[in-house]
Amino acid sequence: MHGWYSYLADHPGGNPHEPDFHAMSHGESFVALLQHRFDTAGFYCLDEPEAAWEDLEVVHHWRTFLDRPDRFLRHLLD
């Protein structure tokens with residue numbers, strides 16, 4: 001993604017409020033990219049987009065849930 005963010009820095013879009021992707025974490029910059037660059041209908045082909053989510057806390061929670069859903073659902077199942 002570093003190369004892509006460098007390209008975007010050299011070729012800015014029409015949004016003057018676009019963030020500095022290099023200054024963000026990998027996950028944060030990916031979410032910002034989705035918000036600022038992939039904001040219209042279209043077909044977007046991304047190579048390994050799941051890698052960007054690795055450092056987000058929500059991924060840890062999802063994995064914890066998927067590993068042991070009974071720990072989260074125990075109040076509903078009793």
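The values are calculated or read from the model by the stated rules, or taken from the named source; none is laboratory data. Given the structure is predicted, the values throughout are model-derived calculations rather than measurements. Note that we place each Cβ from the backbone using ideal geometry, even for glycine, and neighbour counts take in every protein chain shown.
Assess whether Phe72 counts as being surrounded by 11 or more Cβ atoms within 10 Å (Cβ to Cβ), of a type outside the set (Gly, Ala, Ser) and assigned to a loop (DSSP other than H, G, I, E, B).
Values: surrounded by 11 or more Cβ atoms within 10 Å (Cβ to Cβ): yes; of a type outside the set (Gly, Ala, Ser): yes; assigned to a loop (DSSP other than H, G, I, E, B): no.
Answer is no for this residue.
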**Fill in**
Per the filter on the stretch 26-69, residues part of a helix (DSSP H, G or I) and within 22 Å of Asn15 (Cα to Cα) are His26, Gly27, Glu28, Ser29, Phe30, Val31, Ala32, Leu33, Leu34, Gln35, His36
**Item:** Pair list, Cβ < 6 Å and 6+ apart or interchain, from the stretch 21-41 residues that are under 14 Å from Trp4 (Cβ atoms) and free of Cβ contacts under 8 Å to residues at least 60 places away in the same chain to residues that are aromatic (Phe, Trp, Tyr) and in a helix (DSSP H, G or I)
**Value:** Phe21/Tyr5; His22/Tyr5; Ser29/Phe21
**Item:** Count - residues of the stretch 1-20 that are at pLDDT below 85 and either under 26 Å from Glu57 (Cα atoms) or surrounded by 12 or more Cβ atoms within 10 Å (Cβ to Cβ) (or both)
**Value:** 9
